[in-house]
Amino acid sequence: MFDLHSYSDTYLSGMHDWMSHNGEWPWLQTIIVTPASGNRAAMLSDITGKTTPLLDFFDKQLIPTIDQKYRTNGFKIMSGFRMNGSIVLSALINKPDMFNAYIAISPELKDDYAGILSTASSKLAKLDKKSRFLLFSHGTNVKEAHQMKAYDQLHSIFKKHSTKKLDWHYKHFENNYFMSLPLLSVITGIEKLFNDIHNGLAPDSKVSQKGIDAIIKHYKYLSDHKYGFAVSPKNSINALGFHLLSSSTQAGMKVFKDMIKMFPKDAYSHHNLASAYEKQGDFENAVKHQRDAVKLADNMLGWHKKRHYKFLEDYLSKSGGSSSE
């Protein structure tokens, strides 16, 4: 994740640490890149927008160097506040292949700063079919009063000229303080950006209603085209299983049994089958499969270990058995 403000590391690193320490939920493990205090790279920015020397430096020197030094996976996020937010927008419309996700917070737009308002319409319409994410946010305060009309203009441009592959979002933080906006915006952006990973598909969605194969195909698309790294379909398949269980025991149970075939070493796949048996009143099989889940959870975080063991105790109490059997 790139941010041009040297002080942004203080809140980005802290928020990332907090939001990722509990199993990377909701923020996946991320390398935070900010300039050192006093670094003059930002002076490369052309406020007319006619050239992009700063973005060229990112593209040709900075990003390749980072990729060589760190174990990156190719997915890149850029965030920026005020003038740095304008650079984020400039990256989207002028160098759209450089980043995958953009968080532009209170970008400077007045007097066509960086040529954003004068060129965004035509450049957005020309974006290719690559999946991209954008959060454009701002507040209502004395620091932004000079460009509220410009914000409305940019919002209108996104509504009229964005392609379907640009997953863009707009957020007006009208009741928050100006200096709170970067933190609120990054949290909002990260939650929306990785929502497909954490929440999954609703069981009554068009994709899920087509079955397991369609769900797997959907997540292959997310893995190959949106994120560039593997995204698991497990949550969505499990949701479909429980949804089907309410109307067809056979169809629901088949989903959970198929899950174990696909993910034999996944504790939650075994737990979900156990839970399905428990819902049918088959406590013997519920205990059997939850024991498997407990064994597989041995390599998971303590919270998950305790959770699976509590499930086992619950099923045992209903079956009349004991955890030592």
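Annotations for the structure displayed:
- Among residues of the stretch 149-164 being exposed (fewer than 14 other Cβ atoms within 10 Å of the Cβ) and part of a helix (DSSP H, G or I), the one that is nearest to the chain's Cα centre (by Cα) is Lys159.
- The stretch 2-35, subset farther than 17 Å from Leu54 by Cβ and either among the acidic types (Asp, Glu) or not assigned by TED's automatic domain parsing to the domain that holds Arg82 (or both), residue surrounded by the most Cβ atoms within 10 Å (Cβ to Cβ): Asp9
- Search result, residues across the stretch 43-79 that are at positive phi and either surrounded by 13 or more Cβ atoms within 10 Å (Cβ to Cβ) or touching a Lys or Arg at 6+ places or on another chain (Cβ under 7 Å) (or both): Gly49
- The single condition among (1) aromatic (Phe, Trp, Tyr); (2) surrounded by fewer than 17 Cβ atoms within 10 Å (Cβ to Cβ); (3) over 16 Å from the mean Cα position of the chain (by Cα) that Tyr221 does not meet is (3).
- Within the stretch 196-233, the set of residues being part of a helix (DSSP H, G or I), in contact (Cβ under 8 Å) with a residue 40 or more places away in the chain and not basic (Lys, Arg) comprises Ile197, His198, Ile212, His225, Tyr227.
- Among the residues of the stretch 120-148, the ones that are assigned to a strand (DSSP E or B) and either within 25 Å of His225 (Cβ to Cβ) or over 25 Å from the mean Cα position of the chain (by Cα) (or both) come to 5 in all.
- The stretch 19-62 - residue that is in a loop (DSSP other than H, G, I, E, B) and among the aromatic types (Phe, Trp, Tyr) and, of those, nearest to Gly85 (Cα to Cα): Trp27
- No other residue among Ser131, Ser122, Ser118 is buried (at least 17 other Cβ atoms within 10 Å of the Cβ) and not aliphatic (A, V, I, L, M) apart from Ser131.
- Residue that is farther than 16 Å from Gly85 by Cα, surrounded by 14 or more Cβ atoms within 10 Å (Cβ to Cβ) and of a type outside the set (D, E, K, R), where the choices are Asn195, Asn141, Asn175: Asn141
- Among (1) in a helix (DSSP H, G or I); (2) within 21 Å of the chain's Cα centre (by Cα) - the single one Ile116 does not satisfy: (2)
- The stretch 234-265 - residue that is in a loop (DSSP other than H, G, I, E, B) and touching a residue at least 24 places away in the same chain (Cβ under 8 Å) and, of those, surrounded by the fewest Cβ atoms within 10 Å (Cβ to Cβ): Lys265
- Between Asn73, Asn94, Asn100, the distinction of being under 14 Å from the mean Cα position of the chain (by Cα) and not hydrophobic (A, V, I, L, M, F, W, C) belongs to Asn100 only.
- Subset of the stretch 63-108 [in a loop (DSSP other than H, G, I, E, B) and acidic (Asp, Glu)]: Asp97, Glu108
The values are calculated or read from the model by the stated rules, or taken from the named source; none is laboratory data. As the structure is a prediction and not an experimental result, all values here were calculated from the model. Reconstructed Cβ throughout: ideal geometry from the backbone, glycine too, with neighbour counts over all protein chains shown.
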